[in-house]
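For reference, the structure is listed below as structure tokens.
Every number in this text was worked out from the coordinates using simple rules, so none of it is lab data. As the structure is a computational prediction, the values presented were derived from the model and not from experiment. Here Cβ is always computed from backbone atoms with ideal geometry, including for glycine, and neighbour counts include all displayed protein chains.
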């Protein structure tokens, strides 16, 4: 009997290994203390974990990413965030499903790259240039694939409107720079370039929208490192605030389109950064201003200092203090936030 049990266990372990399945993830605990301009204080805690399952068979892979959160976007509990598959059809790489795009991609600091159902992205390389096309998920007000009338929509059918939501673009290397042109939708075009010149890293992106609220938006980022000190500058300039909808910035201490903090009159943001390592702790200072960030006539100033250190236990400790302007009635006051985080990746 013992031999039979051992053989069964060994067989199951072999099958699991041959399936080419991996499990990764990350977890964090956050303590958050805030004092508003009106003197209201709050203390909150949150525990969040991501579990990522990835399977692979030949050139085809599947990914499912689960979030477990005590106070997540969909309330406490488990939320299925990413769910997609990747494969190859001849020379074309295919990605299909539900996923989010990061702030490091084209228009990442301008356009919200949120998750959406039934997206598809097709890519191939021709003459050293990457050509791509795809579509994002339809909005609730849009018609399904077989109708031009929004009134025919079944909100739960999962159909994806191709006309209007399709995008196409090209990425190429030009004199050592990464250059990208993209038709984001039937009303929006964009351009981006990034690279490095004599030790200065740069990234510039421009967006043009011809919809009912037309206008342009630009993003620029510069950085360099001198004697172990990183210096950076980043800015957003837009004709119409509504063109920028990224509310979870990877660069700015205060997101330009965070409706809970920044007024909808905001049109411009500028920020400087200084970062260095001190005895194994990375210390980063960010200071910036958002034009009309408080109202149509009042700008918002902010400052953030962060200390990040890898612990012997394998976890990383992050302490972040942010001080920004906030209106208390018609008087400008200070909103102060202290966040202490312990996180680990596995």
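Cα centroids of the range 34-98 and the range 232-260: 22 Å apart. A straight chain from residue 54 to residue 92 at 0.36 nm per residue would run longer than the Cα-Cα distance by 11.6 nm.
Here the gap between residue 46 and residue 201, fully extended at 0.36 nm per residue and compared with their Cα-Cα distance, gives a gain of 52.2 nm. The range 318-346 and the range 114-131 have Cα centres separated by 37 Å.
For the pair residue 189 and residue 245, label points projected 7 Å from Cα toward Cβ lie 2.1 nm apart.
Going by average Cβ density within 10 Å per residue, which order do the peptides 62-70, 38-46, 123-131 take, highest to lowest?
The most tightly packed comes first, giving 62-70, 123-131, 38-46.
The overall shape of the range 76-127 is oblate: from the C-alpha gyration tensor, with semi-axes ordered a ≥ b ≥ c, the ratio a/c is 1.5 or greater and a/b is no larger than b/c. Over the range 208-346, one equal point on each Cα, no solvent: what is log10 I(q)/I(0) by the Debye formula at q = 0.09, 0.20 Å⁻¹? Reported log10 I(q)/I(0), two decimals: -0.33, -1.19. Sorting the segments 52-60, 98-106, 269-277 by their mean number of nearby beta carbons within 10 angstrom, highest to lowest, gives 269-277, 98-106, 52-60. The reciprocal of the average 1/r between distinct C-alpha atoms defines the Kirkwood hydrodynamic radius, which for the range 248-324 equals 13.6 Å. Estimated from the Cβ-Cβ distance and a Förster radius of 25 angstrom, the FRET efficiency linking residue 337 and residue 66 is about 0.30.
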